[in-house]
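The structure appears right after this line, and notes come after that.
The values are calculated or read from the model by the stated rules, or taken from the named source; none is laboratory data. Just so it is clear, the structure is predicted and the values come from calculations on it, not from any experiment. Neighbour counts are summed over all protein chains in view; Cβ atoms, including those assigned to glycine, are modelled from backbone coordinates with ideal geometry. Note: accessible area is taken over every heavy atom of the protein model, side chains too, but ligands, DNA and RNA are not part of it. Shrake-Rupley method; radii C 1.70, N 1.55, O 1.52, S 1.80 Å.
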Amino acid sequence: MKTIFTTLLIAFNSLMFAQENIYSFSFETIDNQTVSFEKYKGKKILIVNTASKCGFTPQYKELQELHTKHGDKVVIIGFPANNFGKQEPGTNTEIVTFCQKNYGVTFLMASKISVKGKDIHPLFKWLTTQNNQSFSGAIRWNFEKILIDENGKVIKRFRSKVKPNSEEITTEL
């Protein structure tokens, strides 16, 4: 039994790292709809791991501004996660209510997931292993941003302190 499990785990990990782009992944939206990243072929995608009780939470406002100003060029997707300091304890319903009430969020939000650790979502496992212009490796804190190009490849990552409407990000759009 252990041998079969080990073989399957190795095969799964090989498949994960063999993915050339994001289009083979899908995710659940905060309102429980399954969305394939194929839907966004030809557009850039900015993926952000978010949290409602973090010092960086005000970045929701800037993410919304970026969505309003550049939504024709980039799809913004927030992925709530409770991995850092238990700063996203809410349910999906509580998260969406908080985001809309406090920051007027209309950009796409995913269901709450894990972005690191043993229960890391497969999407983030893949994202954090991609070579890009900046860095790879584990997500360090809430509000890290990962920019995907029009061909579904990771092109740049930005740490939490980089604001969504900064020139560092907007020049990449």
Enumeration of residues in region 157-168 that are within 17 Å of the chain's Cα centre (by Cα), closer than 14 Å to GLN64 by Cα and open to solvent by less than 40 Å² (accessible area, probe 1.4 Å): PRO164
Residues that are within 13 Å of LEU147 (Cα to Cα) and in a loop (DSSP other than H, G, I, E, B), drawn from region 39-93: LYS43, LYS73
Residue, nearest to GLN33 (Cα to Cα), within region 95-115, restricted to residues that are hydroxyl-bearing (Ser, Thr, Tyr) and touching a residue at least 24 places away in the same chain (Cβ under 8 Å): SER111
Pairs where the first residue, in region 73-94, is within 13 Å of VAL115 (Cα to Cα) and among the charged types (D, E, K, R) and the second is open to solvent by less than 40 Å² (accessible area, probe 1.4 Å) and part of a loop (DSSP other than H, G, I, E, B), C-beta under 6 Å, 6+ apart: GLU88/ALA51; GLU88/SER52
Matching residues in region 129-152 - criterion: being modelled with pLDDT of 95 or more and either over 26 Å from GLY90 (Cβ atoms) or open to solvent by less than 40 Å² (accessible area, probe 1.4 Å) (or both): ILE139, ASN142, PHE143, GLU144, LYS145, ILE146, LEU147, ILE148, ASP149, GLU150, ASN151, GLY152
Count of residues meeting criterion [out of contact with any His (no Cβ under 6 Å at 6 or more places or on another chain) and within 21 Å of TRP141 (Cβ to Cβ)] in region 95-112: 10
